[in-house]
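Below: the structure, in structure tokens.
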């Protein structure tokens, strides 16, 4: 399987998603639209993974590639590809599906539990995640649920943490792919976002205070989710 990953900034890479791709014998192609790298032909890919970034979907004046990316996402959905979006990537997919992306009522930065919907439980996507397990968040924006999509999860700060469209297009607001190294990079490069205190913005020392096993549980849950997406795609 050929997996195209769209990365937006140097400090938010595929992380454990890349490990899953390699461990399953798939091929990963990394594209940096922000650096002017060309997109592949849709016929050359099976999956499209869209990563996060500190920019918003409406910041096209500063980042004109955002519109190019959304157009490519729309074509990929129309071509029947499997898509996975994380944070900004989920917002870009939601926007491509016609849903509104806006400021979330609360900035959500740190470790907070997911609350699965009945659809989220039935999907099997989160079967590897302990009920109420804390996952990593770093966002100020949120997406509305695209028309025809199933709501998968919420958190205390954010009503829409995930959606599934046509059993092959997945958007996740949270970061199951997070690693300790990646979290540290966010703390360095996005430190300005921690200066605005709020009930769902944790201090850096609390964000860092997660064990190796906590990350391992998160990554096992991500592998279950991605394997489940493969099965859903085969059932279509």
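Each value in this text was obtained by applying a stated rule to the coordinates, not by laboratory testing. None of these values were measured; they are calculated from a predicted model. Using ideal geometry, Cβ is built from the backbone for each residue, glycine included, and neighbour counts are taken over all protein chains shown.
How far apart, in nm, are two points set 7 Å out from the Cα along the Cα-to-Cβ line at residue 35 and at residue 156?
4.0
Express in whole angstrom the spacing between the alpha-carbon centres of the range 69-108 and the range 124-198.
13
Pick from 204, 146, 14 the residue whose mean-square fluctuation is largest in a GNM of the chain, springs joining Cα atoms under 10 Å.
204
Expected output is a single nm value to one decimal: the length gained when fully extending between residue 46 and residue 214, i.e. 0.36 nm times separation in residues minus the C-alpha distance. What is it?
My answer for the length gained is 57.4 nm.
Be a star and scan the range 80-116 for residues whose amide nitrogen sits under 19 Å from the point 7 Å along the Cα-to-Cβ vector of residue 203.
Within reach of a label on residue 203: 108-112.
In the Gaussian network model of the chain, springs joining C-alpha atoms below 10 Å, which of 153, 144, 43 carries the largest mean-square fluctuation?
Its mean-square fluctuation being the largest, the pick is 43.
Which value at 222 nm does the chain reach when only helices count, each DSSP H run of 4 or more adding -39,500 (n - 2.57), with the total divided by all residues and rounded to the nearest 500 deg cm²/dmol?
After summing the helix terms and dividing by the residues of the chain, the value is -9500 deg cm²/dmol.
Between residue 231 and residue 19, how many nm apart are label points set 7 Å from Cα along the C-beta direction?
Distance between label points: 2.2 nm.
Among 25, 133, 89, whose mean-square fluctuation peaks in a Gaussian network model of the chain (Cα, cutoff 10 Å)?
Highest fluctuation among the options: 25.
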